[in-house]
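*Asks:* Can you keep this structure in mind? I'll have questions shortly.
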Amino acid sequence: MRLCNVCVGMLRGGKGDIWTGTHDLTFEHHKSTASLRRSRKADCMICVVLAGLYRRAGADILDDRPMSIQATIHRLEAHHHNLLDERTPAEETTNHAAAVSTQVQGTDSARRLEELRRKFTAVFEENISIEVLPQNELREITNELLKLTKKKSNFKGFRLDFDIEKRYTRTFLLKPINYDTSALRTPKSTNTSSDEVFERACDWIAKCDRKCDCSRKASTAWYPKRLLDLEKLSKAHGLKFPGGLKVLSERADLRKTKVHLIDGTEASGRYVTLSHCWGKPKSVQGQLRLTGKTERKFRVEGIELRELPKSFRDAMLFASRLEHVRYIWIDSLCILQPAVFSTDDFEDKSEQDWREQSRVMGEVYSHSYLNISATAAKDGDQGLFVPRRPEYLWENEINVNYTGTNSFGSEGVTMGRDELTRCNIIDLSFWSELVDQAPVNQRGWVLQERLLAPRVLHFCHNQIAWECGGFQDVEGYPDKHTTLKVRYGDIIDEGRLKDLDERHGLRLRDFRLKGSPDPDKHMPKLGAYELWKCMVEVYSRTRLTVSRDKLIALSGIAQKFFEITRCEYVAGMWREHLESQLLWQVNELYRDGVFENPAHRDALRSPSFSWAAIDTPHGITYGEVTDYGRDRQEQLLFEVTGTQIEIDDRNNPFGLIRSGQLRIKPRYLRQIILRRLEPPWRVPYGWRLRDEAYPGQAAPAEEPSAEKEQSAIRKVQSIEHYNLNLDAPESDVDVFARDADLYCMPAAFGDRTVKKHWRDLICLLLIKDKATASEDIRSTGQFRRIGITRLSSAVHWKSHRILTEQPFDGDIILN
Ligand SMILES: [Zn+2]
Ligand SMILES: [Zn+2]
């Protein structure tokens, strides 16, 4: 039990409660950095998390100053109850969606409004009026009301929200303990190399074999071109017990035991794979790779364990103890690596080998018995096995005292009488921080390794975790709530990343639409396209060491999706509904009053219309895949009439591309002027139609007076637009050249869930290539994409009209 006095005082004793005039119980938690520091030092499970949140955001709590952390506790809403039942995720989420949609229905009738008004009036003891609001706002109010009127009888737990200085939030779940069903976990070992940890991993493998049988495919006879044979290592381990356990012989000098490189054609038995970060290892071992020079040695003499970096050593030691497993596949030891000093001859050979192997990378992982992931290791020197304090993994329980200080939130509870519930404290960001945000998962290549391998065993910073097609689990985590997340302020069951089922895609879509009616329900493969959108968005936030790998490192997943979409792959997008997918956008970060977009464009890697041309830490938002339904003619304002993608490797349609072009038929196309804005502007860029520029701007006839300047600024503001995202302003410098020939191409109305007359007009921003700039625009011109802009229907209705006044006649080529 590790909770500090502040946390126990609050949860158990109701200390620090403050009146905020709402129905929730609100508390003042820590009031100074010193107090939070003390609690962190005392290893308080909650305060360690809060302090960590602070540190990751770049702030520090080392200097003494006052700080404010507020905590609120409220009972879970009715639609959350099923999240906590022991059911399958599918059932859980369907119920959740149903609960949300019942809230939506019937909210727009006058009678319902009147009912809401009366309830609010009663609660706040003053007369409240409610206007007819857009449906999503109305739903929020309904949600508030649900909180106010929730039934005590279905009580299933509390949610505990922390708000640190109005900047960071964190949510915990307080789940009543059911001693009949909850299994106690008390790991004791002080290192993840222990037998205890190994046995836990074997339990998961056995459970998977028994229940979901995820590795069935791995047993078919497919092998990578090269493998490392662990036989000698397995034997050196000594005694083997039934149940997959082998006991390490202390006499064996494992450091000198050798592994050998063999051809896949010679293999028989299972192989495992490794996901790891190459990083910048400092050790000599970290430099060992398969090259033209080392290949012979690897095959004939073998590699001593001590010659290898720690991550490889640990993975091999672990794998060699597994029953049935004889081989391991590690990229840098099984694919020829370009040598630092080499002849051109060898370069050719390694390049060819790399192409060949990158093509089958998806296969390598799909056929793996188990993918061992060095999840927490930043480089090869850090390894899999780490020392740890096992008590950090034990249950965290507390008697929560939900005594009302406030009559709204604590229906039926009277002041002063204790209402104690023994609860587990569940951190809802736990899985995400332990696994999703761990170093290895920041690496571009790893996403497909993790998704395509039937089962993944994560070696995290203090424990191991499991992911397979059927379940996920963690060594030290109460119950099975690793898939619960906070999204859009609500607690949802997001399901598992490895669940690539179309139905899972539909569930994710439901969450994204926040319960609004789905305008694209009629579309076949909708769930698959939603999954693709999610994958690309996750992938776009990862990093690659070699820039050209962008599409290749995703090609295994693309191959898998192709089995569903069955249409042409267009540089990271699909030919079917391509128009909608072209409306991706680079995410900007708004920090301290400034928009930040450090994106970089690699124009050699991908055509400008593809998201794959962009590297950005904040990722991209993929276009919402749609056919625009029955209103296509009215809602979609351009058409892709042809695609031409020149693939670099004929054998890999999902890999590297040499060039790509789209032939597009825009209905409208207008020349624009783009300018950079300086502070005090809060937005970085503005654009306006070129022929809407006010007269006299080019050459002011007289000395501008302050008054005239003001009026000129106002004039510009009235016709200028600021809601735009440039794709990569730091790379696309030609965009700001004085003679840049820029265009705005109205593309479609969105978002699709918004009522038709409230939708924005979404336009692509293009630059016309110099080489063709002299041609008449009506003949086919060559363009590149530079960004995207949205004009709101409420503010820019006039621009909507102007932009769609003059039809454009002709095609353009988008490079
Ligand atoms: Zn605490
Ligand atoms: Zn499984």
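Every read-out reported here was derived from the displayed coordinates using simple, explicitly stated rules and does not represent laboratory data. These numbers come from a predicted model, not from an experiment. Note that each Cβ is placed from the backbone with ideal geometry, even for glycine, and that neighbours are counted across all protein chains shown.
*Asks:* Using the Cα centre as the reference, give the magnitude of the dipole from point charges on the C-beta atoms of region 518-815 (Lys, Arg: +1; Asp, Glu: -1; all else neutral), rounded to the nearest 20 debye. List each step's numbers first, then the result.
*Replies:* Working: 42 positive and 44 negative charges, 103 e Å.
Dipole of region 518-815, to the nearest 20 debye: 500 debye.
*Asks:* Using a 10 Å cut-off around each Cβ, can you sort Tyr668, Tyr365 from fewest to most neighbouring Cβ atoms?
*Replies:* On the way: Tyr668 19, Tyr365 23.
Least crowded to most crowded, the residues run Tyr668, Tyr365.
*Asks:* Would you mind working out the magnitude of the charge dipole of region 544-658 relative to its Cα centre, with +1 at each Lys and Arg C-beta and -1 at each Asp and Glu C-beta, to the nearest 20 Debye? The partial results should precede the final answer.
*Replies:* Numbers: 12 positive and 18 negative charges, 68 e Å.
The dipole of region 544-658 has a size of about 320 debye.
*Asks:* Among Asp809, Asp213, Asp741, which comes first, second and so on when ranked by fewest other beta-carbon atoms within 10 Å?
*Replies:* Result, fewest neighbours first: Asp809, Asp213, Asp741.
*Asks:* For Thr616, Thr626, what's the fewest-to-most ordering of other Cβ within 10 Å of each Cβ? All intermediate terms of the calculation are to be shown ahead of the outcome.
*Replies:* Values: Thr616 20, Thr626 23.
Ordered from fewest to most neighbouring Cβ atoms within 10 Å, Thr616, Thr626 come out as Thr616, Thr626.
*Asks:* With a ≥ b ≥ c the root eigenvalues of the C-alpha gyration tensor of region 590-637, is it rounded (a/c under 1.5), prolate (a/b larger than b/c) or oblate?
*Replies:* Because a/c hits 1.5 or more and a/b fails to exceed b/c, region 590-637 counts as oblate.
*Asks:* Calculate, in nm to one decimal, what Arg650 and Lys156 gain on full extension: separation in residues at 0.36 nm each, minus their alpha carbon distance.
*Replies:* Working: separation 494, 0.36 × 494 = 177.84 nm, distance 5.71 nm.
That works out to 172.1 nm of additional length.
*Asks:* A further question follows. List the extent of the Cα atoms of region 618-695 along each of their three principal axes, largest first, rounded to whole Å.
*Replies:* Principal axes ranked by extent give 55, 34, 25 Å for the Cα atoms.
*Asks:* Still on this structure: So what's the net charge close to Glu467: Lys and Arg +1, Asp and Glu -1, counting the other residues with Cβ under 12 Å from its Cβ? Don't jump to the answer; show the numbers that get you there.
*Replies:* Working: positive: Arg450, Arg455, Arg496, Lys498; negative: Asp436, Glu449, Asp473, Asp499.
Net of charged neighbours comes to 0.
*Asks:* Could you give the radius of gyration (one decimal) and Dmax (whole number) of the Cα atoms in region 488-550, in Å?
*Replies:* When restricted to Cα atoms, region 488-550 yields Rg and Dmax of 13.9, 42 Å.
*Asks:* Regarding region 518-815, what's the average projected area of the Cα-atom convex hull, expressed in nm²?
*Replies:* Details: hull surface 67.8 nm².
Averaging across all directions leaves 17.0 nm² for the Cα convex hull.
*Asks:* For Asp195 and His600 in one chain, what is 0.36 nm times their gap in residues minus the Cα-Cα distance, to one decimal in nm?
*Replies:* Numbers: separation 405, 0.36 × 405 = 145.80 nm, distance 4.65 nm.
Residue separation times 0.36 nm, minus the Cα-Cα distance, leaves 141.2 nm.
*Asks:* Among the listed pairs Lys293/Lys349; Lys232/Lys256; Lys207/Lys498; Lys41/Lys280; Lys188/Lys258; Lys485/Lys755, which are separated by more than 20 Å between their Cα atoms?
*Replies:* Numbers: Lys293/Lys349 12 Å; Lys232/Lys256 11 Å; Lys207/Lys498 17 Å; Lys41/Lys280 32 Å; Lys188/Lys258 32 Å; Lys485/Lys755 29 Å.
Check vs 20 Å cut-off fails for Lys41/Lys280; Lys188/Lys258; Lys485/Lys755.
*Asks:* Mind checking which of Leu656, Gly527, Trp758 is farthest towards the positive end of region 518-815's charge dipole, using Cβ charges of +1 (Lys, Arg) and -1 (Asp, Glu) about the Cα centre?
*Replies:* Gly527
*Asks:* Among 58-68, 640-650, how do they line up by average Cβ neighbours within 10 Å per residue, starting with the highest? Could you put the intermediate results ahead of the total?
*Replies:* Details: 58-68: 11.5, 640-650: 13.7.
By packing density, highest mean first, the sequence is 640-650, 58-68.
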